[in-house]
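Structure record follows, encoded as C-alpha cells.
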Amino acid sequence: MALHIICCVKQVPDPETPASQFRVDEAAKKVIPAPGIAPVPSQFDTIGVEAALRIRDALGDVKISVVSMGPDSFRDAIKHCLAMGADDGYLINDPALHEADHWVTAQVLAAAIQKLAPFDLVITGRQAVDWDMGVVGPTLAELLGIPCVTIAKDVKVQDGKVVVERVLLDGFETVEAPLPAVVTVSNELGEPRYPQLRQIMMAARKQVTVWTAADLGLNPAQLQNRVNVEALYIPETKVETEFIEGDTVEEKVDRLLQRLREAKLI
Amino acid sequence: MANDILVFGELTEEGRLAPITFELLGAARRLAPALGGRVLCAILGAGLDGHSQEAIAQGADVVLLADDPALQEYQGDAYVPVLERLVREKGPAVVLLGQTIIGRDLAPRLAARLGTAVAMDSVEVEVQDGRVLVTRPCYGGNARARYSFNTSPVIATLRAKSQEPLERDDSRQGEVERVAVNVDAAGVRTRVLGRVKQKAEGVRLEDARVVVSGGRGLGGPEGFQQLEELAELLGGAVGASRAACDLGWYPVSAQVGLTGKVVTPDLYIAVGISGASQHMAGISQVKNIVAINKDPEANIFKASRWAVVADWKEVLPVLIKKVRELKEAEARR
C-alpha cells in the first residue's frame with residue numbers, strides 16, 4: 001500500500017521584505033502587508049514538502065497530502081506545494097479560526113490529519129517564519145499520540161520506520177521511530193525544488209478541498225486560545241553607527257582595532 | 001508551590017551545567033520576588049554528583065535531581081514524562097527552559113502534556129499586576145510580541161545570552177532532593193542509532209564570542225579562507241549569509257539568519273553582507289557589529305556599531321596582519 005505523507009504548510013508575509021517596508025498595526029497587533037510584496041509559503045514548510053518528495057523519489061509509491069489552515073489566500077501556498085509535486089491539497093478555512101494561537105492551530109490540524117487517515121508520516125517546518133514559534137509540529141505529535149523527531153536534516157523511510165538525521169550543535173544524530181510519526185525539518189535539509197512552468201499549470205487546475213471546523217467535527221467555541229498577544233511592536237534599534245574614517249585602508253583598520261580594544265572585544 | 005519558578009537545568013555534552021542554565025537561574029532569581037516563590041532547578045541526567053552545589057551557587061533554592069542511566073542522553077520520550085511528573089508534583093507558576101536543541105524539542109511537548117502553553121525563543125519574562133508576561137522576537141526579529149497566558153503554568157524558552165547569570169556565590173544555601181525516576185522503556189519509541197560529530201575542532205557558531213561572517217559581496221568561496229583565518233586569530237567561528245550558502249560558497253550548517261542560526265556573539269564582523277532582513281534576523285541580539293562593505297548605503301550599517309566603507313579585498317589582508325601582530329605582542333607579554 002502506498003505510503004501516505006501529510007505536510008502542513010503556512011502562508012506568510014515574505015520574510016525578504018526590506019526592514020524599511022515592515023510595518024505593524026500596534027492596535028490590531030498585526031503585521032501590515034507590505035504593498036506590492038506577495039506572501040509566500042513559509043520556507044521551512046516547503047523544505048518539508050521537499051523531504052516528502054525525496055522519500056517519493058526513493059520509494060515510488062508515496063501519496064503526499066498538503067494541509068493548511070487559514071483564509072482563502074492560503075490556497076496559493078497549497079498550490080505552490082502541489083506544483084512542487086504534492087498530490088492533494090486541503091485548506092481549513094473558517095473565519096472562527098482566523099485568530100487561532102499555536103494550540104488551537106495544532107488541534108485543528110490534528111483533526112484534519114485524522115480525517116485524512118490512514119497516514120504514515122506528518123512533516124512540518126521547524127517553525128513558521130512569521131511568528132517563529134516552532135510549537136505546532138511537536139504539539140501535533142502529542143495530540144496524535146505518535147513519536148516526534150524535531151529539526152531534521154534528512155528524512156528516510158525504511159522497513160516501516162522513519163530514519164531521521166537530527167541536527168545537533170556540532171553534528172547530527174540518527175534517530176529511528178516507528179510509523180506513524182511527526183518530523184519537523186530544518187534548513188540543513190537543503191533547498192526545496194522550484195516548480196516548473198508545466199507543473200504550475202497542472203497545479204492550477206487541481207482542486208483544493210476546503211473544510212470548515214464543523215467538517216472536522218470541531219466546535220470553534222470550544223477551541224480556546226491559550227496565549228494572548230498583548231502587544232506587537234517594532235523594537236527600537238539604538239545603535240549609533242560610527243563610520244570609521246581614514247585616508248588609507250591601514251588607517252581605517254588601525255582605528256577600528258583601537259575601537260575594538262577600547263570596548264575589550266579583542 | 002503555586003508561585004515557584006522551575007528551571008530546566010541543561011547539561012553540556014561533557015555533563016557539566018550549561019551556561020544557559022546559569023542564565024535561566026539568573027532570570028528566575030530576578031522573577032522570584034514578584035511571584036513570592038522559590039527557584040527550583042530540575043536536573044535530568046546520569047551521574048549527577050556535584051551539580052547541585054553549583055546550581056545553588058548560581059541561584060537555585062531547591063535542586064531536583066533525576067538521576068538515572070535512562071536519562072544519560074536527551075531523548076524526548078524519556079525526558080518529557082519525567083519533567084511532566086516533576087512539574088505536576090511541584091506545581092510551579094513558571095517553567096523556564098533554554099532555547100536549545102533540547103529545549104526546542106522538550107518545551108512544546110511538555111506544554112501539550114500539561115495542558116498549557118509555551119512561548120519559544122523569548123528574551124524577557126516579567127510580572128505585571130500579578131500576570132506573567134513573556135516578550136519574544138518574531139517576524140525574523142523585525143517585531144517583538146508580548147504574550148499573556150490563559151493557562152498555568154507559564155512555560156517559556158529563553159534565548160541564549162538574553163539573560164544575565166548571577167555572580168557565583170558558593171555561600172548560598174539550598175536544598176537538594178533526589179527524585180525517583182521510572183522511565184518506561186516501552187514509552188521510549190525513538191531509538192538513537194548513532195551520533196556524528198562534524199566539526200571536531202574550533203569554536204561552535206552558537207557558542208562563539210566572535211563570529212566572522214561573509215556574504216554575496218565576497219564574490220566567491222575563496223574569500224571565506226580569509227574569514228577563517230581571521231576567525232581563528234580571534235578565537236571565533238565563521239558564519240555565512242543565506243545568499244553565500246545558496247551559492248554553495250560555504251556549508252549551510254554555518255548559515256546565520258532567519259532560515260539558519262541565531263547567533264549571540266559579543267562581536268560580529270560582517271564582511272560583504274548587505275544586511276537583508278533574512279540575515280539580520282540571526283543577529284538581532286548582537287550589540288557589537290562591525291560591517292565591512294563598499295556600499296555606503298548597505299542596510300547592515302544601520303545595525304552596526306562600526307562601519308568600514310571599503311572593499312573587503314583591501315581591508316581583510318591588513319586586518320588579519322594587524323590582528324596577528326596584536327596577538328603575537330600579547331603572547332610575548
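The values are calculated or read from the model by the stated rules, or taken from the named source; none is laboratory data. What you see is a predicted model; the values in this text were computed from it and never measured. Cβ atoms come from the backbone with ideal geometry, glycine included; neighbour counts cover every protein chain shown. Ligands, DNA and RNA are excluded from the accessible area calculation, which covers all protein heavy atoms including side chains. Shrake-Rupley method; radii C 1.70, N 1.55, O 1.52, S 1.80 Å.
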Completion exercise
Inside segment A:81-99, the number of residues satisfying the requirement of being touching a helix residue (DSSP H, G or I) at 6+ places or on another chain (Cβ under 7 Å) and not in a strand (DSSP E or B) is 10
Exercise for the section: State whether the residues of segment B:59-76 include one that is in a helix (DSSP H, G or I) and over 30 Å from A:Phe172 (Cβ atoms). Expected result: no
Practice task
Please work out if B:Ser148 is of a type outside the set (Asp, Glu), assigned by TED's automatic domain parsing to the domain that holds B:Gly47 and under 29 Å from B:Ala281 (Cα atoms).
Solution key: yes
Exercise for the section: Give me a count of the residues in segment B:198-223 that are closer than 19 Å to B:Arg242 by Cα and open to solvent by 20 Å² or more (accessible area, probe 1.4 Å). Expected result: 7
Handout entry: Residue check for A:Ala38: in a loop (DSSP other than H, G, I, E, B) and in contact with a Cys (Cβ under 8 Å, 6 or more places away or on another chain)
Key = no
Handout entry: Single match in A:Ala117, A:Ala112, A:Ala77, A:Ala106 (criterion: in a helix (DSSP H, G or I) and more than 16 Å from the chain's Cα centre (by Cα))
Key = A:Ala112
Problem - Looking only at segment B:77-110, and only at residues there that are open to solvent by 10 Å² or more (accessible area, probe 1.4 Å) and assigned to a loop (DSSP other than H, G, I, E, B), the one that is farthest from B:Ala186 (Cα to Cα) - result: B:Ala93
Practice task
For A:Thr105, indicate whether it is under 28 Å from B:Gln278 (Cβ atoms), among the polar types (S, T, N, Q), free of Cβ contacts under 8 Å to residues at least 40 places away in the same chain and open to solvent by less than 50 Å² (accessible area, probe 1.4 Å).
Solution key: yes
Handout entry: Residue that is open to solvent by 30 Å² or more (accessible area, probe 1.4 Å) and farther than 21 Å from B:Asp121 by Cβ, where the choices are B:Gln285, B:Gln226
Key = B:Gln226
Practice task
Scan segment A:142-149 and give yes if some residue there is within 13 Å of the chain's Cα centre (by Cα), of a type outside the set (A, V, I, L, M) and either under 28 Å from A:Glu173 (Cβ atoms) or within 14 Å of chain B (Cβ to nearest Cβ) (or both), otherwise no.
Solution key: no
Practice task
For A:Ile78, indicate whether it is more than 24 Å from A:Val31 (Cβ to Cβ) and either buried (at least 21 other Cβ atoms within 10 Å of the Cβ) or free of Cβ contacts under 8 Å to residues at least 24 places away in the same chain (or both).
Solution key: no
Exercise for the section: Within segment A:57-71, identify whether any single residue is in contact with a Ser or Thr (Cβ under 7 Å, 6 or more places away or on another chain) and either assigned to a helix (DSSP H, G or I) or crowded, with 23+ Cβ neighbours inside 10 Å (or both), and answer yes or no. Expected result: yes
Exercise for the section: Within segment A:181-210, track down each residue that is within 14 Å of chain B (Cβ to nearest Cβ) and open to solvent by 60 Å² or more (accessible area, probe 1.4 Å). Expected result: A:Glu191, A:Arg193, A:Tyr194
Completion exercise
So, first residue at positive phi in segment B:151-171, second residue open to solvent by 10 Å² or more (accessible area, probe 1.4 Å), Cβ within less than 8 Å, six or more apart or across chains; the pairs are B:Lys161/B:Glu23; B:Lys161/B:Thr264; B:Lys161/B:Gln285
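Out of all the residues in segment B:138-162, which are part of a strand (DSSP E or B) and either open to solvent by less than 20 Å² (accessible area, probe 1.4 Å) or closer than 25 Å to B:Asp207 by Cα (or both)?
B:Cys138, B:Ala143, B:Arg144, B:Ala145, B:Tyr147, B:Ser148, B:Val154, B:Ile155, B:Ala156, B:Thr157, B:Leu158, listed by residue number.
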Problem - Hits in segment B:19-57 - residues which are assigned to a loop (DSSP other than H, G, I, E, B) and either in contact with a Cys (Cβ under 9 Å, 6 or more places away or on another chain) or open to solvent by less than 10 Å² (accessible area, probe 1.4 Å) (or both) - result: B:Leu48
Exercise for the section: Residue by residue through segment A:32-49, note down the ones that are open to solvent by 30 Å² or more (accessible area, probe 1.4 Å) and either without any contact (Cβ under 8 Å) to a residue 24 or more places away in the chain or under 20 Å from B:Arg136 (Cα atoms) (or both). Expected result: A:Ile32, A:Pro33, A:Pro35, A:Gly36
Problem - Positions within segment B:195-240 being within 25 Å of A:Leu168 (Cβ to Cβ) and small (Gly, Ala, Ser), in sequence order - result: B:Ala200, B:Gly202, B:Ala208, B:Ser213, B:Gly214, B:Ala231, B:Gly235, B:Gly236, B:Ala237, B:Gly239, B:Ala240
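Quick one: would you say B:Val132 is touching a helix residue (DSSP H, G or I) at 6+ places or on another chain (Cβ under 7 Å), under 22 Å from B:Pro33 (Cβ atoms), more than 8 Å from chain A (Cβ to nearest Cβ) and modelled with pLDDT of 95 or more?
Considered against the rule, which asks whether it is touching a helix residue (DSSP H, G or I) at 6+ places or on another chain (Cβ under 7 Å), under 22 Å from B:Pro33 (Cβ atoms), more than 8 Å from chain A (Cβ to nearest Cβ) and modelled with pLDDT of 95 or more, B:Val132 comes out as no.
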Problem - Qualifying residue in segment A:170-177 (condition: more than 7 Å from chain B (Cβ to nearest Cβ) and either surrounded by 14 or more Cβ atoms within 10 Å (Cβ to Cβ) or closer than 25 Å to B:Tyr268 by Cα (or both)) - result: no
Practice task
Go through segment A:154-169 and give me each residue that's outside any strand (DSSP E or B) and either at negative phi or within 10 Å of chain B (Cβ to nearest Cβ) (or both).
Solution key: A:Leu169
Exercise for the section: Filter segment A:135-150 for residues that are closer than 24 Å to B:Arg144 by Cβ and either open to solvent by 20 Å² or more (accessible area, probe 1.4 Å) or of a type in the set (A, V, I, L, M) (or both) and give the result. Expected result: A:Val135, A:Val136
